[in-house]
Amino acid sequence: MQVAFGVLGPVVAWDGAGGAIALKGPRHRAVLARLIVSRRRVVPVTRLVEDLWEDPPADAVGAVRTFVAALRRALEPQRPPRAPARLLVTEGPGYALHAEPDAVDAWRFEQAVAAAATLPPQPALARLEEALGWWRGPAYADFTEEIWARGERSRLGELRLQAVERGAEARLALGLAAEAVPDLDAHVAEHPWREDAWRLLALALYRTGRQGDALAVLRRARTLLIEQLGVDPGPGLRRLEADILDQAGHLEAASGPMGSAGRVWAQAAAAYDRTVASGARARLESTVGLLRNLAVTGGGGLQAARQHRLEAIMAAEELGDTELTARVIGAYDVPAIWTRVDDPQQAASVVAAAERTLAALRPDAHPTARARLLATIALETRGTRSALGPHAARQAEQIARSLDDPALLAFALNGVFMQTFHRAGLAPRRDEIGAELVDLSARHGMAAYEVLGHLIRLQARSALADFATADGHAACADRLAERHELPLVGVFTHLYRALRLAESGGTSVAEAEAAYQDAAAQLNGAGMPGLERGLLPLALLSLRLRHAQPAQADERTDWGPFEPWTRPLVLLAQDRGAEVTTALRQLPEPPRDLMFEALWCLAARAAIAVGDRKTMERAFTELTPATAELAGAGSGLLTLGPVAKHLDDLATALQHPR
């Protein structure tokens, strides 16, 4: 049974036939809502207790388990006795709701709004109207007072307002100004601080021949902003008022250049639909081109691109055309800077498809197809210990250089970069790769790869404590990103500037923590779970350790994939020394990625504290090649200070000569 969940209004669940599922009492719905807020992540039982009661009863944990059991019976009524739950599952210290991406109306709403941003006005308007129709009231309407729901309610509410305004923009682009006026009038009455809503209303009035009313609306907006908020109208409102007074010609045809772009898109898309048959194979290749562009828009665009990319590959394989499949797989040459894949399962599926396609390619197939498949494998195996990745990266680079193909070489170098983490201390090598990418891309007009080169050099120079040069690369990346509309770049440069502030000297821990909090907020909705989970707690932990302060954490801290390496230090701060030793013995090898040196330094610090000689020996061996680097700074996000200092501490504890 496909269960669906609704949180855009009171929290409800529906069965496969659309019938409401009885969820019993308010605390049952609260547990369900709390798990939906966590988006498939585990919520510890202790956290559920804290969120459900201000003053928990003595049997609160047992009560939560009772609520979960009742929810499981309601959501999976056909599940055989003692069979494991597949939807509301037990994981570690708590529970997670493994709902499908389209099973929650709020998640579908986010996807729809993101998709609408990439569509021509007519389908965008249809998509937005459909999505806005899913709202049955305020998000999480029966939990308006709960702290745990507050952030999600606010975020979804803001997204809804944006969707209303984007719908109005689409109507204006389609020449439906009169239809836009009533909704916009009600919108500004309910949300008077939204300047863009006032702008759209004034523009709609002007286009319906009501110039006086349009100017009156702008005056009303100015008065309200000045009297109530003490601020002047922004440049958008001021410019529109001047244009209306001048009766500027561009106001009649469309809302500035974006309206013209929208019309061109709509006309071209319509012509493509008329000309290219729906089953034509060319559509698959065109789709991948769109997905490649969609991926760099961030947020829902990146998530949608990942999802549809795999669907396109599967569709190509079903057609049985090996060369088409090779082109579909290899055309997705989206620059990648983070060394942990966002969706490991999907990455494995892409690698498997690329391997199958490589094996099936005819000997006389063009070497470009082979090189792109190899570069794909190199990228999608990053952060793993697969022997396939380094081999694929070397082969892709060799082919690209022999063909003198700049775009192919840039793609291959991205794969080579991702495979330069087989040991510590390789920041100089990555700096060389970044420099070549910057030069190659600048000469051949490949803006996205030029940005990648600057970000790689930002990371490498940070690892080498050359922050002055790293600052320059951050500035170059930001300029290129603004010029070419690459919003995800700002996620990395903002986090870098938090690192830079923390390392500048004279900055308090509180100031640096605030900078990290602000920078990490950009990760929300960025569509990069491989970067998002655990990063902020790890950065804050690193900051505290740099200032000789103990680790801070509680059951609510989500360390993400870094948990095994942070756990010993957290236990140490809680005076649980015996458990520290056990945790160190269970410690796995850190992934071969940008956090490799940082994670070993965390392990080393805990091992020194409890005299774990075996872990100290391992850490000393692994970290020695990175003596000249700052631990973790190669990520461009955080640092635990000079590796040399950690090696000195290890040498002292081990009584080794340095």
Of L48, L87, L23, L35, the only residue that is farther than 17 Å from E146 by Cβ, touching a strand residue (DSSP E or B) at 6+ places or on another chain (Cβ under 8 Å), crowded, with 17+ Cβ neighbours inside 10 Å and of a type outside the set (V, I, T) is L87
Which residue pairs have Cβ atoms under 7 Å apart, sit 6 or more places apart or on different chains, and have a first residue in the range 87-103 that is of a type in the set (D, E, K, R) and a second that is modelled with pLDDT of 90 or more? E91/V42; D102/R108
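Is there a residue in the range 55-72 that is basic (K, R) and open to solvent by less than 60 Å² (accessible area, probe 1.4 Å)?
Yes - at least one qualifying residue is present in the range 55-72.
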Does the range 335-348 hold any residues that are assigned to a helix (DSSP H, G or I), closer than 28 Å to L437 by Cα and not aliphatic (A, V, I, L, M), and which are they? P344, Q346
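Which one is surrounded by the fewest Cβ atoms within 10 Å (Cβ to Cβ) among residues in the range 552-578 that are free of Cβ contacts under 8 Å to residues at least 12 places away in the same chain and among the charged types (D, E, K, R)?
Pass one, the range 552-578, residues free of Cβ contacts under 8 Å to residues at least 12 places away in the same chain: 554, 574-576, 578.
Those left that are additionally among the charged types (D, E, K, R): 554, 575-576.
Details: D554: 11, D575: 8, R576: 14.
Only one residue fits best here, namely D575.
Okay, residues lined up against (1) part of a helix (DSSP H, G or I); (2) over 30 Å from the mean Cα position of the chain (by Cα); (3) among the aromatic types (F, W, Y):
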| residue | (1), (2), (3) |
| --- | --- |
| R150 | yes, no, no |
| R153 | yes, no, no |
| R160 | yes, no, no |
| E169 | yes, no, no |
| E179 | yes, yes, no |
| L184 | yes, yes, no |
| A189 | yes, yes, no |
| P192 | no, yes, no |
| A204 | yes, yes, no |
Confirm whether A502 is over 19 Å from the mean Cα position of the chain (by Cα), farther than 27 Å from A304 by Cβ and open to solvent by less than 10 Å² (accessible area, probe 1.4 Å). no
Taking only pairs six or more apart or across chains, which ones have beta-carbon atoms under 7 Å, a first residue in the range 8-26 that is over 13 Å from P77 (Cα atoms) and of a type in the set (D, E, K, R), and a second residue that is open to solvent by 60 Å² or more (accessible area, probe 1.4 Å) and assigned to a strand (DSSP E or B)? none
Pick from the range 314-347 the residues that are open to solvent by 60 Å² or more (accessible area, probe 1.4 Å) and among the hydrophobic types (A, V, I, L, M, F, W, C): which of them is farthest from R292 (Cα to Cα)? L319
When only residues in the range 280-305 that are in a helix (DSSP H, G or I), touching a residue at least 60 places away in the same chain (Cβ under 8 Å) and within 19 Å of P101 (Cα to Cα) count, which is most open to solvent (accessible area, probe 1.4 Å)? Q303
Which residues, counting only those in the range 385-396, are part of a helix (DSSP H, G or I) and either open to solvent by 30 Å² or more (accessible area, probe 1.4 Å) or on the phi > 0 side of the Ramachandran plot (or both)? L388, P390, H391, R394, Q395
Would you point out which residue out of A248, A221 is of a type in the set (A, V, I, L, M), at negative phi and free of Cβ contacts under 8 Å to residues at least 24 places away in the same chain? A248
Might you check whether a residue that is in contact with an Asp or Glu (Cβ under 8 Å, 6 or more places away or on another chain) and not in a helix (DSSP H, G or I) occurs anywhere in the range 320-334? yes
(1) of a type outside the set (G, A, S); (2) touching a His at 6+ places or on another chain (Cβ under 6 Å); (3) under 19 Å from P642 (Cα atoms) all hold for L545 apart from (2)
Out of everything in the range 118-148 that is surrounded by fewer than 17 Cβ atoms within 10 Å (Cβ to Cβ) and more than 24 Å from R29 (Cα to Cα), what residue ends up being farthest from the chain's Cα centre (by Cα)? Q122
Scan the range 311-331 and report the pairs whose first residue is touching a residue at least 12 places away in the same chain (Cβ under 8 Å) and whose second residue is outside any helix (DSSP H, G or I), with Cβ atoms within less than 7 Å and a gap of 6+ or a chain change. L319/R281; D321/R281; T322/L361; E323/A365; L324/R281; A326/L361
Would you confirm whether or not the range 590-604 contains a residue that is open to solvent by less than 50 Å² (accessible area, probe 1.4 Å), over 24 Å from I337 (Cβ atoms) and under 30 Å from the mean Cα position of the chain (by Cα)? yes
Just wondering, is there one or more residues in the range 505-515 that are under 22 Å from the mean Cα position of the chain (by Cα), open to solvent by 30 Å² or more (accessible area, probe 1.4 Å) and closer than 25 Å to L437 by Cα? no
Give the number of residues within the range 411-422 that are under 12 Å from P335 (Cα atoms) and either charged (D, E, K, R) or in contact (Cβ under 8 Å) with a residue 40 or more places away in the chain (or both). 5
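Between R443, R401, R497, which is within 22 Å of the chain's Cα centre (by Cα), open to solvent by 40 Å² or more (accessible area, probe 1.4 Å) and not hydroxyl-bearing (S, T, Y)?
Checking each option against the conditions leaves just R497.
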Evaluation of A139 against (1) outside any loop (DSSP other than H, G, I, E, B); (2) among the hydrophobic types (A, V, I, L, M, F, W, C); (3) under 27 Å from L52 (Cβ atoms) (one fails), failing number: (1)
Quick check on the range 526-547. Is at least one of its residues without any contact (Cβ under 8 Å) to a residue 60 or more places away in the chain, touching a helix residue (DSSP H, G or I) at 6+ places or on another chain (Cβ under 8 Å), open to solvent by 50 Å² or more (accessible area, probe 1.4 Å) and not in a loop (DSSP other than H, G, I, E, B)? yes
Within the range 366-384, tally of residues that are open to solvent by 10 Å² or more (accessible area, probe 1.4 Å) and of a type in the set (G, A, S): 2
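Wholly within the range 423-520, which helices (runs of 4 or more DSSP H) include no fewer than the required count, namely at least 1 residues that are among the small types (G, A, S) and in contact (Cβ under 8 Å) with a residue 40 or more places away in the chain?
427-444, 447-463, 467-484, 489-502
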Checking the conditions here, which among P81, P44, P56 is farther than 30 Å from W559 by Cβ and modelled with pLDDT under 95? P81
Scan the range 623-656 residue by residue and report those that are within 18 Å of L569 (Cβ to Cβ) and open to solvent by 10 Å² or more (accessible area, probe 1.4 Å). L640, K645, H646, D649, A653
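With a cut-off of at least 2 residues that are in contact (Cβ under 8 Å) with a residue 40 or more places away in the chain and aromatic (F, W, Y), name the helices (runs of 4 or more DSSP H) lying wholly within the range 579-658. First the steps, then the outcome.
Numbers: elements: 596-610, 613-623, 643-654.
In the range 579-658, the matching helices (runs of 4 or more DSSP H) lie at 596-610.
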Of the residues that make up the range 338-359, is at least one modelled with pLDDT of 90 or more, under 24 Å from R385 (Cβ atoms) and touching a Phe, Trp or Tyr at 6+ places or on another chain (Cβ under 8 Å)? yes
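The values are calculated or read from the model by the stated rules, or taken from the named source; none is laboratory data. Being a predicted model, the structure only gives us computed values, none of them experimental. Ideal geometry is used to build each Cβ from the backbone, glycine not excepted, and the neighbour counts take in all protein chains shown. We work out accessible area using only protein heavy atoms, side chains counted, and drop any ligands, DNA or RNA first. Shrake-Rupley method; radii C 1.70, N 1.55, O 1.52, S 1.80 Å.
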